[in-house]
Amino acid sequence: MLDYLFIKLNNMKKILLLLAFIAITVHAGAQTPAPIDPNIPPYHILTTDSTYSTPAKLKKNTRVMIIYFSPDCSHCQHLISELKPKMKELGNTQIIMITWSVNFDIKAIKKFYHDYGLAAYPNITIGTEGYTYVVQKYYQVTTTPFIAIYNNSGKMVKSFNKSPNVNDVIASVKKAQ
C-alpha cells in the first residue's frame with residue numbers, strides 16, 4: 001500500500017511540475033515586447049564600397065528612413081521596386097538599408113545594390129551589420145522588411161513591422177518634418 005501511495009505522490013509531483021512549467025511558459029509568451037527606442041539605432045555597417053557607416057555620418061536636420069531587409073526577401077525586393085518610381089519624393093530623406101551577413105560578407109548586398117540600380121540614388125546607403133544583430137535586436141525585427149522613419153530631429157515618427165503599402169511609407173516620410 002505504501003508503494004502505491006509513493007508512486008501516486010511521484011506522479012502528482014510530475015503533474016504539478018508540468019503544470020507550473022506550462023503556466024510560466026504561457027505567462028512569458030503573453031508579455032508585450034518592450035517599446036522601441038525612439039532614437040536612431042547605433043548601427044555600424046559595412047557598405048558596398050567597403051567603408052563603414054554610422055549615424056555620425058548622417059546629415060543633420062534631415063529625415064531618415066531605416067530599412068532592415070534581406071537581399072533574398074521577396075517582400076524586400078518588391079518594396080524597392082515600388083519605391084524606385086517614387087524616389088523623387090524621397091530625395092530629401094536619407095535611406096539607410098541594413099541587413100545581416102556572416103563575417104560581413106557583402107556579395108549579396110552588392111548584387112542587390114547593382115540589380116536594383118541603387119547607385120542612381122545618392123540618398124541611399126546600403127550595408128551589413130554582419131552577425132552582430134545590433135539593429136535587428138534594437139528594433140526587435142522578426143520579419144523583413146522593417147522600416148523606421150525619423151524626423152529632422154532624429155526621433156522616430158513611424159515604424160512598419162511588415163511589408164507596408166508604399167503610399168503609406170511616402171505619406172509617413174512627408175509628415176516627418
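The values are calculated or read from the model by the stated rules, or taken from the named source; none is laboratory data. Treat the numbers as computed from the prediction; the structure is a model and nothing was measured. Positions of Cβ are backbone-derived with ideal geometry, glycine not excepted, and every protein chain shown enters the neighbour counts.
Tabulated data
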{"item": "Residue check for Val169: part of a helix (DSSP H, G or I), modelled with pLDDT of 95 or more, within 18 Å of Gln77 (Cβ to Cβ) and within 16 Å of the chain's Cα centre (by Cα)", "result": "yes"}
{"item": "Any hit, the stretch 112-127, residues being at positive phi and at pLDDT below 95", "result": "no"}
{"item": "Contacts under 6 angstrom Cβ, first residue in the stretch 84-99 being under 12 Å from Ala120 (Cα atoms), partner of a type outside the set (A, V, I, L, M, F, W, C), 6 or more apart", "result": "Met87/Tyr121"}
{"item": "Tyr138 of a type in the set (Ser, Thr, Tyr) and assigned to a helix (DSSP H, G or I)", "result": "yes"}
{"item": "Total residues in the stretch 100-118, condition without any contact (Cβ under 8 Å) to a residue 40 or more places away in the chain, part of a helix (DSSP H, G or I) and among the charged types (D, E, K, R)", "result": "2"}
{"item": "Considering residues of the stretch 67-97 that are aliphatic (A, V, I, L, M) and more than 16 Å from Thr48 (Cβ to Cβ) only, the residue nearest to the chain's Cα centre (by Cα)", "result": "Leu79"}
{"item": "Counted residues, the stretch 37-58 - those being modelled with pLDDT of 95 or more and loosely packed, with under 13 Cβ neighbours inside 10 Å", "result": "6"}
{"item": "Boolean, Ala34 is at pLDDT below 90 and closer than 20 Å to Tyr150 by Cβ", "result": "yes"}
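Per-residue answers, yes or no, for (1) buried (at least 18 other Cβ atoms within 10 Å of the Cβ); (2) among the polar types (S, T, N, Q); (3) more than 13 Å from Tyr68 (Cα to Cα):
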position	(1), (2), (3)
Ile126	yes, no, no
Gly130	yes, no, no
Val134	no, no, no
Tyr138	yes, no, no
Asn152	no, yes, yes
Met156	yes, no, yes
Lys162	no, no, no
Asn167	no, yes, yes
